[in-house]
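Participant: This is the structure, below, for whatever I ask next.
Read-outs: derived from the displayed coordinates by stated rules, not from any lab. None of these values were measured; they are calculated from a predicted model. Glycine also receives a Cβ, built like all others from the backbone with ideal geometry; neighbour counts cover every protein chain displayed.
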Amino acid sequence: MPKASELKKGDVIQLGGAPHMVRQLEARSPSSRGAATLYKIRFTNLISGQKRDESLKGDDFLPEAECQRTEVQYSYMDGEQYVFMSTQDYTQYGLSADDLEDQVHYLVEGLAGITALIADERILAIDLPQSVVMQVSDTAPAIKGGTASARTKPATLTTGLVVQVPEYIATGESLKVNTSNGKFMSRA
């Protein structure tokens, strides 16, 4: 049983009989002496998708949820379902776009290194790798001339995600994109 002060983004705990994932975490220091640090945590119910905000003291204990983590690979899209395959036993799991929220823009066919949370033979959520390699489908051509400052331009990737990239990036190039903040990291 972890304490509220030990929680990290992506941890799964049991609240009200349902598994909840930590989405946002904020520590608030007290202004008076002797007061405990408060942790404002936003949870997402992995079954219903509802958000829940809690304010907890650092030494509050929270029960861990009964779920397993397994490595999966994104395979393909089947209608409204995104299909993931386990790399250990080749079991296929489906998630809707609503369940994935803003992670949809980072899913490219064959993407490996994804960690899935599974409970009762059902996929609840996924954790993406730290970075993903994606291809630029559209961007403006570079402007010749004064490049004394590091100028950027928007680039649309194959999944529809728009990121700011340096001026020298051209259409068709592969880029490494950070999945936690959606920013350009480097050429791939």
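Participant: Can you check what the net charge comes to around Gly58, using other residues whose Cβ is under 10 Å from the Cβ of Gly58 (Lys, Arg +1; Asp, Glu -1)?
Facilitator: Values: positive: Lys3, Lys57; negative: Glu6, Asp59, Asp60.
Taking every Cβ under 10 Å from that of Gly58, the sum is -1.
Participant: Between segment 1-19 and segment 83-104, what is the C-alpha centre distance in whole Å?
Facilitator: Using only Cα atoms to place each centre, the spacing works out to 22 Å.
Participant: Here is a follow-up. Can you sort Asp98, Asp127 so the residue with the fewest Cβ neighbours within 10 Å comes first?
Facilitator: With the fewest neighbours first, Asp98, Asp127 line up as Asp98, Asp127.
Participant: Grab the DSSP H runs of the chain that are 4 residues or longer, score each as -39,500 (n - 2.57), total them, divide by all residues and round the 222 nm result to the nearest 500 deg cm²/dmol.
Facilitator: Values: 1 runs with 4 residues, N = 188.
That calculation yields -500 deg cm²/dmol at 222 nm.
Participant: Another question about this same structure. Residue farthest toward the positive end of the dipole of segment 68-127, with Cβ of Lys/Arg at +1 and Asp/Glu at -1: which of Thr115, Val83, Ile126?
Facilitator: Of Thr115, Val83, Ile126, it is Thr115.
Participant: Out of segment 68-107, which GluC sites (Glu not before Pro) are coil in DSSP terms and have no more than 13 other C-beta atoms within 10 Å?
Facilitator: Sites meeting the loop and neighbour criteria: Glu80.
Participant: A follow-up question, please. Residue by residue, what Karplus-based ³J(HN,Hα) values in Hz, rounded to whole numbers, does segment 66-80 have, using 6.51, -1.76 and 1.60 with θ = phi - 60° and x for Gly and Pro?
Facilitator: 7, 8, 10, 9, 9, 7, 10, 10, 6, 9, 6, 10, 10, x, 9
Participant: Here is a follow-up. What is the calculated FRET efficiency for Lys40 to Val162, with r their C-beta to C-beta distance and R₀ = 30 Å, to the nearest 0.05?
Facilitator: On the way: r = 30 Å, r/R0 = 1.02.
Between Lys40 and Val162 the formula returns 0.50.
Participant: Could I ask something else about it? How high is the relative contact order of the chain, given as a whole-number percent (alpha carbon pairs under 8 Å, six or more residues apart)?
Facilitator: Rounded, it is 14 percent for the chain.
Participant: Scan the chain and hand back the longest stretch that contains none of the trypsin sites (Lys or Arg not before Pro) lying in DSSP loops with at most 13 other Cβ atoms within 10 Å.
Facilitator: Values: sites that count: Lys8, Lys9, Arg33, Lys144, Arg151, Lys183.
Looking at the chain, 34-143 is the longest stretch - no exposed trypsin sites (Lys or Arg not before Pro) with at most 13 other Cβ atoms within 10 Å.
Participant: Now a separate question. Magnitude of the Cβ-charge dipole of the chain, K/R +1 and D/E -1, about the Cα centre, nearest 20 debye?
Facilitator: Dipole magnitude for the chain comes out near 1100 debye.
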